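Peer 1: First, the structure itself, so that you have it in front of you.
Since every read-out is calculated from the coordinates, none of them should be taken as a lab result. Predicted model only: the values in this text are computed from it and were never measured. Using ideal geometry, Cβ is built from the backbone for each residue, glycine included, and neighbour counts are taken over all protein chains shown.
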């Protein structure tokens with residue numbers, strides 16, 4: 001049985017956006033070997049919790065909303081988009097369960113920002129840069145990302161490289177990525193560390209959990225858009241499914257021993 005990955009509907013108020021974006025995340029999970037489980041945003045907390053309990057991992061997708069600045073004690077920037085309380089509430093339940101049960105977490109774009117705020121981190125509300133971070137879905141490669149060589153993410157990305165070459169596990173891994181965001185992580189939250197930046201302007205592009213026994217990863221770009229034709233994108237989703245499968249086995253053993 002494939003690992004079940006909880007994916008909240010990306011937006012509670014814009015149905016067209018949600019219907020267009022959700023299938024990309026579901027497809028990425030499926031091709032990596034997982035079973036996507038859509039989490040509605042209009043159920044009661046108890047109903048939502050029941051669905052979440054049956055899942056092995058969490059994927060927090062992108063959104064056209066911005067996280068409410070009040071959540072990280074900041075004044076609202078004029079270019080900050082409206083929050084999405086429905087999505088916020090479900091993300092909170094998902095992350096509470098994931099951290100309590102040590103379930104793997106992958107946050108993408110807004111999902112990474114929501115993860116960081118959940119862990120008491122802060123956000124840069126609007127990026128001013130010569131780099132095209134807001135390039136959009138039609139620009140396949142917007143800029144490069146430099147990933148710290150000794151990070152979990154770098155190890156994931158090296159797996160899809162030529163195995164005939166002995167990789168330098170201390171050297172940064174540089175990959176080209178797409179980009180569709182105007183905000184970014186500014187201060188890392190509790191238990192999170194910055195592992196990748198845009199080399200041209202220093203904008204934070206990826207984070208991961210500092211606990212070696214809990215898979216937590218956030219990327220600012222959108223690997224779901226390129227999962228079918230980019231080995232690095234596929235490797236990110238495959239690593240989530242691999243971690244979910246391992247955690248499922250651990251949880252099963254824990255319940256058997258009770």
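Peer 1: Only counting other Cβ atoms within 10 Å, I'd like 253, 43, 64 sorted with the fewest neighbours first. Don't skip to the end; give the middle numbers.
Peer 2: Values: 253 9, 43 13, 64 16.
Placing the least packed residue first, the sequence is 253, 43, 64.
Peer 1: Note down the nm distance, to one decimal, between modelled labels 7 Å out along Cα→Cβ at residue 127 and at residue 54.
Peer 2: 3.8
Peer 1: Taking the number of other C-beta atoms within 10 Å as the exposure measure, put 174, 185 in order starting with the fewest.
Peer 2: Taking fewest neighbouring Cβ atoms as first place, the list is 174, 185.
Peer 1: Right, something else. Under a crude label model (7 Å from the Cα following the beta-carbon direction), how far is residue 73 from residue 139 in nanometres?
Peer 2: 3.5
Peer 1: What's the exposure ranking of 77, 118, going from fewest to most Cβ atoms within 10 Å?
Peer 2: Fewest-to-most Cβ neighbours within 10 Å comes out as 77, 118.
Peer 1: Which number do you get for Rg(Cα) / (2.2 N^0.38 Å) in the stretch 12-72?
Peer 2: Numbers: Rg = 13.2 Å, N = 61, 2.2 N^0.38 = 10.5 Å.
Computed over Cα atoms of the stretch 12-72, the ratio equals 1.26.
Peer 1: What full-extension length gain, to one decimal in nm, is calculated for residue 228 and residue 16 as 0.36 nm per residue of separation minus the Cα-Cα distance?
Peer 2: Difference between extended and current length: 74.0 nm.
Peer 1: Please compute the Kirkwood hydrodynamic radius over the chain, one decimal place, Å, based on all pairs of different Cα atoms.
Peer 2: This gives a value of 18.4 Å.
Peer 1: If you restrict to DSSP beta bridges whose two residues both lie in the chain, what percentage is antiparallel, to the nearest 5?
Peer 2: On the way: 18 of 32 bridges.
For the chain, the DSSP antiparallel bridge percentage is about 55.
Peer 1: Could you tell me the distance between the Cα centroids of the stretch 29-87 and the stretch 217-258, to the nearest Å?
Peer 2: Centre-to-centre (Cα) distance: 18 Å.
Peer 1: Residue separation times 0.36 nm, minus the C-alpha to C-alpha distance between residue 254 and residue 210: what's the value?
Peer 2: 13.5 nm
Peer 1: In deg cm²/dmol, rounded to 500, what helix-only [θ] at 222 nm does the chain give when every DSSP H run of at least 4 residues adds -39500 (n - 2.57) and the total is split over its residues?
Peer 2: Calculated from helices alone, the mean residue ellipticity at 222 nm is -10500 deg cm²/dmol.
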